[in-house]
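*Asks:* Take a look at the following structure, please.
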Amino acid sequence: MRNLLLPVLIFCISAAFAQDITISGKVTDAETKEPLPFASVWVKGETIGTITNAQGDFDFHIPATLNQKTLVISMLGYRSYEATISAIHADEPLLVALESSSMLLNEVIVRDSLTGGDILQRALARIEQNYPMEPFLMEGFYRDIKKVGGTYISLLEAAVEIYDENYKKPRNQHKLREGVRLLEVRKSLGYENKFTSFFDQDNLLEDLLLHNTIRYRQIEDREEMYAVMKRDRDSYYNGNEIYIISYSGEYLLKIFVEKSDYSIIHLEFEITGSDDIPGRKKNMSSRFTGIKKTIDFKRIEGRMYLNYISVTSKVDWYDTKTNEVKFNTELFQQLLINHVTPHTDEEISSVEKMSNYGLQYQQGSYNKKFWSKYNVIKDTPLDQKIVHDLEREGPLDKQFEKN
């Protein structure tokens, strides 16, 4: 009996002391020393990851069971960094300087004569080959920040699970296909601000998911579109050569496509100025002045899954009588996917799905312990301006607890 109990006891003690590993670090350009924002930080062969913030900083919480796995940090146009997790000192910041892959690309002789339009046409035709066509579940971190006239007025963050059946072309590009379950929500007191009504009161996370240009086939599949796409200098990512194609006209569009299978791995879109009038409130009319979007994908088991998406939208508000601009509003949204389960049998039932009204009305009590170990996009020094503006109502932790 003693011999049987000893291994069990050792196992229980080991399990009790097996805590998550947290790696904190900074990623910079080896030559310029400038920080690299939105670099991917992940575990090779696994489906968990995070990204660096605008200052190149990150905190990455990793299960202790992955101690012998390899940490990978990758960025478009740079050679990837790799190191065994157990060899990284968790009590010291990890400083990673990525080398540009431009020298490697100078050795590559371009033999093909593909145009930007050729590349885009092949990429769009192969979406169902390159993206998941079986049900999958993603776990993610959502954040939205609202700004009025240069002052930040509110912050909302949510931990979510997102279920999708596949990347088949939807019949309706404006109807959400994914099912979303809210795990945790926390928000500042600014949601009671008088200016909140000047922002869309619908479900902003639902709106953000509908910005997935690839999932919802928002690039026009027609000859006129192919004709205007320009081919830029090729680049490098994760050890693979990639095409870069772009368009600059009434809007800016840049698409990064992997050469091996024509999968779209990254997309950037920006438009400034618009005659659209999205709404009227309190004797005020509004016009969009700009939208900027970034979408990034990560390869898992041979298919491309969403890695992160960010959208910034700006609106000017006018006095309806004088047509004078009174103030402007800005909405910044981010979604980081920090874990993916391909080929899942777990669906999100209609009872569990988030409602289509604002997330600020769909939360329980603030769970501080949960957030302390959840993979979020790390705060930046720039965010201290956000914190300073928001904490006029008191410390954010206290605000979260009150909401």
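The values are calculated or read from the model by the stated rules, or taken from the named source; none is laboratory data. Keep in mind it's a predicted model, so treat the numbers as computed, not measured. Reconstructed Cβ throughout: ideal geometry from the backbone, glycine too, with neighbour counts over all protein chains shown.
*Asks:* For Asp397, state whether it is at pLDDT below 70 and out of contact with any Asp or Glu (no Cβ under 7 Å at 6 or more places or on another chain). Talk me through it step by step, then tell me what you get.
*Replies:* Details: at pLDDT below 70: no; out of contact with any Asp or Glu (no Cβ under 7 Å at 6 or more places or on another chain): yes.
Spelling it out, it is not the case that Asp397 is at pLDDT below 70 and out of contact with any Asp or Glu (no Cβ under 7 Å at 6 or more places or on another chain).
*Asks:* Within the stretch 252-275, which residues are under 16 Å from the mean Cα position of the chain (by Cα) and either surrounded by fewer than 17 Cβ atoms within 10 Å (Cβ to Cβ) or closer than 19 Å to Val315 by Cβ (or both)?
*Replies:* Matches in the stretch 252-275: Glu268, Phe269.
*Asks:* Sticking with this one: Would you point out which residue out of Ser286, Ser246 is within 19 Å of Ser197 (Cβ to Cβ), touching a residue at least 60 places away in the same chain (Cβ under 8 Å), surrounded by 15 or more Cβ atoms within 10 Å (Cβ to Cβ) and not acidic (Asp, Glu)?
*Replies:* Numbers: Ser246 fails: within 19 Å of Ser197 (Cβ to Cβ).
Going through Ser286, Ser246 in turn, the sole match is Ser286.
*Asks:* Just checking, does the stretch 376-384 include any residue being over 26 Å from Thr50 (Cα atoms), in a loop (DSSP other than H, G, I, E, B), modelled with pLDDT of 85 or more and not acidic (Asp, Glu)? Before the answer, list the steps.
*Replies:* Pass one, the stretch 376-384, residues over 26 Å from Thr50 (Cα atoms): none.
No, the stretch 376-384 contains no residue that is over 26 Å from Thr50 (Cα atoms), in a loop (DSSP other than H, G, I, E, B), modelled with pLDDT of 85 or more and not acidic (Asp, Glu).
*Asks:* Would you tally the residues in the stretch 349-372 being among the hydrophobic types (A, V, I, L, M, F, W, C) and more than 21 Å from Ser188 (Cβ to Cβ)?
*Replies:* Of the residues in that region, 1 qualify.
*Asks:* Another question, then. Is it true that Gly25 is farther than 30 Å from Gln218 by Cα, part of a strand (DSSP E or B) and either free of Cβ contacts under 8 Å to residues at least 60 places away in the same chain or not assigned by TED's automatic domain parsing to the domain that holds Asp261 (or both)? Write out each step before concluding.
*Replies:* Details: farther than 30 Å from Gln218 by Cα: yes; part of a strand (DSSP E or B): yes; either free of Cβ contacts under 8 Å to residues at least 60 places away in the same chain or not assigned by TED's automatic domain parsing to the domain that holds Asp261 (or both): yes.
In short, yes.
*Asks:* Name every residue in the stretch 18-38 that is on the phi > 0 side of the Ramachandran plot and within 20 Å of the chain's Cα centre (by Cα), in order of residue number. Reasoning before the result, please.
*Replies:* Taking the stretch 18-38 and keeping what is on the phi > 0 side of the Ramachandran plot, we get 33, 38.
Phe38 - this is the single residue of the stretch 18-38 that is on the phi > 0 side of the Ramachandran plot and within 20 Å of the chain's Cα centre (by Cα).
*Asks:* Among the residues of the stretch 300-335, which ones are among the charged types (D, E, K, R), touching a strand residue (DSSP E or B) at 6+ places or on another chain (Cβ under 8 Å) and not in a loop (DSSP other than H, G, I, E, B)? Give the derivation first.
*Replies:* Start the filter on the stretch 300-335 by keeping residues that are among the charged types (D, E, K, R), which leaves 301, 303, 314, 316, 319, 321, 324, 326, 330.
Now restrict to residues that are touching a strand residue (DSSP E or B) at 6+ places or on another chain (Cβ under 8 Å): 314, 316, 319, 324, 326, 330.
Within the stretch 300-335, Lys314, Asp316, Asp319, Lys326, Glu330 qualify.
*Asks:* Of all residues in the stretch 328-375, which are hydrophobic (A, V, I, L, M, F, W, C) and at pLDDT 85 or above? Lay out the reasoning, then the answer.
*Replies:* Filtering the stretch 328-375 down to residues hydrophobic (A, V, I, L, M, F, W, C) leaves 331-332, 335-337, 340, 348, 351, 354, 359, 370-371.
Matches in the stretch 328-375: Leu331, Phe332, Leu335, Leu336, Ile337, Val340, Ile348, Val351, Met354, Phe370, Trp371.
*Asks:* Pairs under 9 Å by beta carbon, first residue closer than 30 Å to Ala39 by Cα and touching a residue at least 12 places away in the same chain (Cβ under 8 Å) in the stretch 358-377, partner assigned to a loop (DSSP other than H, G, I, E, B) and among the β-branched types (Val, Ile, Thr), six or more apart or different chains?
*Replies:* Ile377/Thr52
*Asks:* If you don't mind, another one. Could you pull out the residue among Tyr236, Tyr305, Tyr251 that is among the hydroxyl-bearing types (Ser, Thr, Tyr) and in contact with a Leu (Cβ under 8 Å, 6 or more places away or on another chain)?
*Replies:* On the way: Tyr305 fails: in contact with a Leu (Cβ under 8 Å, 6 or more places away or on another chain); Tyr251 fails: in contact with a Leu (Cβ under 8 Å, 6 or more places away or on another chain).
Exactly one of Tyr236, Tyr305, Tyr251 is among the hydroxyl-bearing types (Ser, Thr, Tyr) and in contact with a Leu (Cβ under 8 Å, 6 or more places away or on another chain), namely Tyr236.
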